[in-house]
Amino acid sequence: MLLIAGLGNPGSQYQNNRHNIGFMAVEAIHRQNGFAPWRRKFQAEVADGTLGGEKVLLMKPMTYMNESGRSVGEAVRFYKLQPTDVIVIHDELDLPPAKMRMKTGGGHGGHNGLRSITAHIGEGYRRMRLGIGHPGVKALVHRHVLSDFARADADWLDPLMDAIGAEAPLLGENKDSTFANRLHAALQPEKGKGARKPKRTTDERGTGADRDRADEDHKAPDGTSGGRQDSGKDGGPLADALARLFPKRKS
């Protein structure tokens, strides 16, 4: 048996928060794979079904993010599961939006939901890390994760949820790498469609060190600028004309 727990906070005010992307993912799996209706158990909303021939319990803990381990731990003990029988789906600040990584084991990385689950069942569970991006400043993290996705985020969020739902049977077959590869392929834009060659900026044409290197490439062996010389002791048209106008006097 497999337990798939998506993390988030209960309540309509949190429904579209970045922190609730785990809830969104298990709802997509539920929607596309013929699971039974949601019901209340283990201080959570749960639904029974199968993925890849494996019996699966989907879970949305209703304990709030920081106490997610209470729900997950209760279900793990009831079904006598091992940590490797658990997949936790959660938001990941260290990944850009639209990126997903599968991982087994490891620390909680400061994520309070993972911290709680680890305290209840240990570190060896599987994780589906869904990127939401970092605001760039630590002081803004709390506001960032508890803010709703922007309308423009639907351009990547909807296809990501659709792909998670469609490829979820691979999770039941314990094919996490194949699952990750399928999602990556599903989210790639079609080749040659809408792809424009970017215009080269002034910096891209060569400034600073790039221009210095270009200048070095055009230096003559003696260190002067390359090309035909118009003056100097080695002669040239201008030097010849000056010599005729101002002939040197013999000493």
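What's the total number of residues in the stretch 86-128 that are under 18 Å from Leu187 (Cβ atoms) and charged (D, E, K, R)? Please lay out each step first, then the result.
Residues of the stretch 86-128 that are under 18 Å from Leu187 (Cβ atoms), as a first pass: 89, 91-92, 95-102, 128.
Going one step further and asking which of them are charged (D, E, K, R), we end up with 91-92, 99, 101.
Number of matching residues: 4.
Restricting attention to the stretch 26-65, and to residues there that are outside any strand (DSSP E or B) and touching a Ser or Thr at 6+ places or on another chain (Cβ under 6 Å), which single residue is most open to solvent (accessible area, probe 1.4 Å)?
Of all residues in the stretch 26-65, those outside any strand (DSSP E or B) come to 26-38, 42-43, 52-53, 62-65.
Those still in the list that are touching a Ser or Thr at 6+ places or on another chain (Cβ under 6 Å) too: 42-43, 63.
Numbers: Phe42: 14, Gln43: 75, Thr63: 16 Å².
My answer is Gln43.
Restricting to the stretch 10-19, name every residue that is free of Cβ contacts under 8 Å to residues at least 60 places away in the same chain and either surrounded by 15 or more Cβ atoms within 10 Å (Cβ to Cβ) or under 23 Å from Arg129 (Cβ atoms) (or both).
Going residue by residue through the stretch 10-19, those that are free of Cβ contacts under 8 Å to residues at least 60 places away in the same chain are 10-13, 15.
Passing the criteria: Pro10, Gln15.
Kindly provide the set of residues from the stretch 125-163 that are open to solvent by 30 Å² or more (accessible area, probe 1.4 Å) and in contact with a strand residue (DSSP E or B) (Cβ under 7 Å, 6 or more places away or on another chain), ordered by number.
Arg129, Leu146, Ser147, Asp148
Would the stretch 176-185 turn up any residue that is on the phi > 0 side of the Ramachandran plot and either surrounded by 17 or more Cβ atoms within 10 Å (Cβ to Cβ) or at pLDDT below 95 (or both)?
Of all residues in the stretch 176-185, those on the phi > 0 side of the Ramachandran plot come to none.
No, that holds for no residue.
Which residues, taken from the stretch 70-99, are closer than 23 Å to Lys175 by Cα and open to solvent by 70 Å² or more (accessible area, probe 1.4 Å)?
Of everything in the stretch 70-99, those that are closer than 23 Å to Lys175 by Cα and open to solvent by 70 Å² or more (accessible area, probe 1.4 Å) turn out to be Lys80, Gln82, Thr84, Lys99.
Any idea which residue in the stretch 100-113 is nearest to the chain's Cα centre (by Cα), counting only those that are open to solvent by less than 40 Å² (accessible area, probe 1.4 Å) and under 14 Å from Tyr64 (Cβ atoms)?
Top of the filtered list is His111.
The values are calculated or read from the model by the stated rules, or taken from the named source; none is laboratory data. Fair warning: this is a prediction, and the values are worked out from it, not measured in the lab. Using ideal geometry, Cβ is built from the backbone for each residue, glycine included, and neighbour counts are taken over all protein chains shown. Side chains are part of the model used for accessible areas, which takes the heavy atoms of the whole protein and leaves out ligands, DNA and RNA. Shrake-Rupley method; radii C 1.70, N 1.55, O 1.52, S 1.80 Å.
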